[in-house]
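Below is one structure; the comments refer to it alone.
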Amino acid sequence: MFDGYDSCSEDTSSSSSSDESEEEVAPLPSSLPIIKNNGQVYTYPDGKSGMATCEMCGMVGVRDAFYSKTKRFCSVSCSRSYSSNSKKASILARLQGKPPTKKSKVLQKQPLVAKLAAYAQYQATLQNQAKTKAAVPVEGFSWGNYINSNSFTAAPVTCFKHAPMGTCWGDIAEGVRVEVPNTDCSLPTKVFWIAGIVKLAGYNALLRYEGFENDSSLDFWCNICGSDIHPVGWCATSGKPLVPPRTIQHKYTNWKAFLVKRLTGAKTLPPDFSQKVSESMQYPFKTSMRVEVVDKTHLCRTRVAVVESVIGGRLRLVYEESEDKTDDFWCHMYSPLIHHIGWSRSIGHRFKRSDITKKQDGHFDAPPHLFMKVKEVDAAGEWFKEGMKLEAIDPLNLSAICVATIRKVLADGYLMIGIDGSEAADGSDWFCYHATSPSIFPVGFCEINMIELTPPRGYAKLPFKWFDYLRETDSIAAPVKLFNKEVPNHGFHVGMKLEAVDLMEPRLVCVATVTRIIHRLLRIHFDGWEDEYDQWVDCESPDLYPVGWCQLTGYQLQPPAPQSSRDSQSSSSKQKKKAKSQQYKGHKKMTSLQLKEELLDGEEYSFLQGTSDHESNGSASYYIKQEP
């Protein structure tokens, strides 16, 4: 495993192995692989390219030209000499500066050619980087610096089951060793060294090169799922050299013995880690698939949209009637807002008929099994009824939990809900939640959990009391037993950092913080913005991601407002808030007006209730997109 670490070393010292036997790294079934080594040193397998050091005479040469299956000796004589117990004398000769044997000298020509070729390639790479450097955008935000400078903690990857590696992250934690590129080196070729995880923040890890002990001067952050992060032993199997960092190269004369001592019993990544990362980033939704999705201008209905792109499981959907493809909507593939074609008809949900009479070439319906299922419910006995009161997250203002009413009971456990005091007469602003949705709550939920409940608009009898309101409206509360009371062991804690979708502008993924936890309900704050923009989100929402998710998937991350602009943000954000709230109110009025016009045109249909075997996940908050 550690053989060849000094084959491209910046000095002429070379260390010896303590034994010639070999041992494989065996992963443990229930945890990370443990590096086993009883003094043996791993060697490169036969046929792998790279440099090698003769264990007898110390000659450096091209591995393929070496003798024996294990490529440990430069010649037959060195192999025999090693077997005849003359190794000790040979090592002593090397330490005294004596030249190697004649038979091994012929191997010096090949490594020289290899090094010259590598250096030429290195110079070409530098020139290419110089040409393209201007085209690379400068990143103004670094998760590592942000976390280090403020001593923040990040939510672990295991909190996000829908994210890559969310269900197979395993025991990756502080102390795990990996092989990474050695940047503290002036060699023309790319070399590696072993580093240990000092701190984890989502996918990102703070690494320290082995041998630096308590010296943090060269610590660096990287994405543990990146292509340059490998389990210990990868260099040996891939023919890559391990070279100690230049800063500490003088500390030890026998680096192999040092690594054997430090790494024996330590944990490393599973050998198939990179394969698992790749597999977890394969998404079943493909471009040109047709789905039904909520109409962002009319909450009460759905429309047909086509998948335009897929990034990290997030879908950019373009409404089918959009000729220039600018009328779009972003959501995750596990969002409760998207359904298979025919879903609206099957449950009796409103649906806007498309102006397009037939499918466009290349478009095809997404298979129903791709959509997240909701729990089956038994509506035969006591069940939700029209007019029942409850508390619900307002999809037009996700920072508020409001007094709400069940306006219509659909099939398969779906409910149409309206916010009291702000409903349109025609129901154009009703929204659909499943009965098991974590975004609806029984009467009294906010009071019990000390959450501010938003009373109906215009309701003058404050403070709001449910008992008085139910009596005044001659209504009843929905039975508590009908609500979803399951609280998973989600692992979130107050103060944890993450990346979260701004559900009022769902194309944006922002730096965020968990500020409150009520059972399975999380209060998400967007760093750098005022609390008025906070949003209530379920702990299993597919719109929450670990730190480093944007970097891993190639999605653009929205950084927090810079410190320099926060002083001036107070007045500007108040103006934004005012404009935003007016947009919400105007949005509702516009929705009502547009719906009335379309009803007159006969373009809207309310299907009869039916049954469907394919349901959509109702675990995350319901939202609409606001146009910028």
| task | Kindly indicate whether any position in segment 487-506 is surrounded by fewer than 16 Cβ atoms within 10 Å (Cβ to Cβ) and of a type in the set (Gly, Ala, Ser). | result | yes
| Out of THR297, THR268, THR302, sole residue that is touching a Lys or Arg at 6+ places or on another chain (Cβ under 8 Å), farther than 23 Å from ILE197 by Cβ and crowded, with 17+ Cβ neighbours inside 10 Å | THR302
| request: Kindly check whether there is at least one residue in segment 396-409 that is touching a Cys at 6+ places or on another chain (Cβ under 8 Å), closer than 27 Å to CYS539 by Cβ and open to solvent by 10 Å² or more (accessible area, probe 1.4 Å). | output: no
| query | Before we move on, is VAL198 open to solvent by less than 40 Å² (accessible area, probe 1.4 Å), aliphatic (A, V, I, L, M), touching a Lys or Arg at 6+ places or on another chain (Cβ under 9 Å) and in contact (Cβ under 8 Å) with a residue 24 or more places away in the chain? | reply | no
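Rundown of residues vs (1) of a type in the set (Val, Ile, Thr); (2) outside any loop (DSSP other than H, G, I, E, B); (3) in contact with a Cys (Cβ under 8 Å, 6 or more places away or on another chain), yes/no style:
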site	(1), (2), (3)
TYR283	no, no, no
LYS286	no, no, no
VAL306	yes, yes, no
VAL310	yes, yes, no
LEU317	no, yes, yes
| said: Among (1) modelled with pLDDT under 95; (2) open to solvent by 20 Å² or more (accessible area, probe 1.4 Å), there is one condition TRP169 misses while meeting the rest; what is its number? | reply: (2)
| Quick check: is even one residue across segment 321-328 open to solvent by less than 10 Å² (accessible area, probe 1.4 Å) and either part of a loop (DSSP other than H, G, I, E, B) or not assigned by the TED database to the domain that holds GLY418 (or both)? | no
| query | Take the residues of segment 147-160 that are open to solvent by less than 40 Å² (accessible area, probe 1.4 Å) and not in a loop (DSSP other than H, G, I, E, B): which is nearest to ARG520 (Cα to Cα)? | reply | CYS159
| query | Quick check, is PHE351 surrounded by fewer than 18 Cβ atoms within 10 Å (Cβ to Cβ), among the aromatic types (Phe, Trp, Tyr) and assigned by the TED database to the domain that holds SER288? | reply | no
| message | Of the conditions (1) modelled with pLDDT under 95; (2) touching a Cys at 6+ places or on another chain (Cβ under 6 Å); (3) not aliphatic (A, V, I, L, M), ARG520 satisfies every one except a single condition; which number is it? | response | (1)
| query | Are there any pairs, at least 6 apart or on different chains, whose C-beta atoms fall under 7 Å, with the first in segment 519-548 and open to solvent by 10 Å² or more (accessible area, probe 1.4 Å) and the second assigned to a strand (DSSP E or B) and of a type in the set (Phe, Trp, Tyr), and if so, which? | reply | ARG523/TRP536; TYR533/PHE526
| query | Of all the residues that make up segment 201-239, how many are assigned to a strand (DSSP E or B), open to solvent by 30 Å² or more (accessible area, probe 1.4 Å) and not basic (Lys, Arg)? | reply | 2
| task | Restricting attention to segment 437-478, report how many residues are over 16 Å from ALA404 (Cβ atoms) and touching a strand residue (DSSP E or B) at 6+ places or on another chain (Cβ under 7 Å). | result | 1
| task | Determine which member of the set LYS408, LYS373, LYS389, LYS359 is within 15 Å of PRO479 (Cα to Cα) and out of contact with any helix residue (DSSP H, G or I) (no Cβ under 6 Å at 6 or more places or on another chain). | result | LYS389
| said: Tell me whether segment 357-369 contains one or more residues that are more than 22 Å from LEU315 (Cβ to Cβ) and of a type in the set (A, V, I, L, M, F, W, C). | reply: no
| field | Residue tally, condition open to solvent by 30 Å² or more (accessible area, probe 1.4 Å), among the aliphatic types (A, V, I, L, M), in a loop (DSSP other than H, G, I, E, B) and touching a residue at least 40 places away in the same chain (Cβ under 8 Å), over segment 425-481 | value | 3
| note | Here the residues within segment 507-518 that are surrounded by fewer than 20 Cβ atoms within 10 Å (Cβ to Cβ), of a type in the set (A, V, I, L, M, F, W, C) and under 18 Å from ARG314 (Cα atoms) are LEU508
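The values are calculated or read from the model by the stated rules, or taken from the named source; none is laboratory data. Every value quoted in this text rests on a predicted model; they were computed, and no experiment measured them. For neighbour counting, all protein chains shown are included, and Cβ atoms are generated from backbone atoms with ideal geometry for every residue, glycine included. Remember, those area values only see protein heavy atoms, side chains included, never the ligands or the DNA or RNA. Shrake-Rupley method; radii C 1.70, N 1.55, O 1.52, S 1.80 Å.
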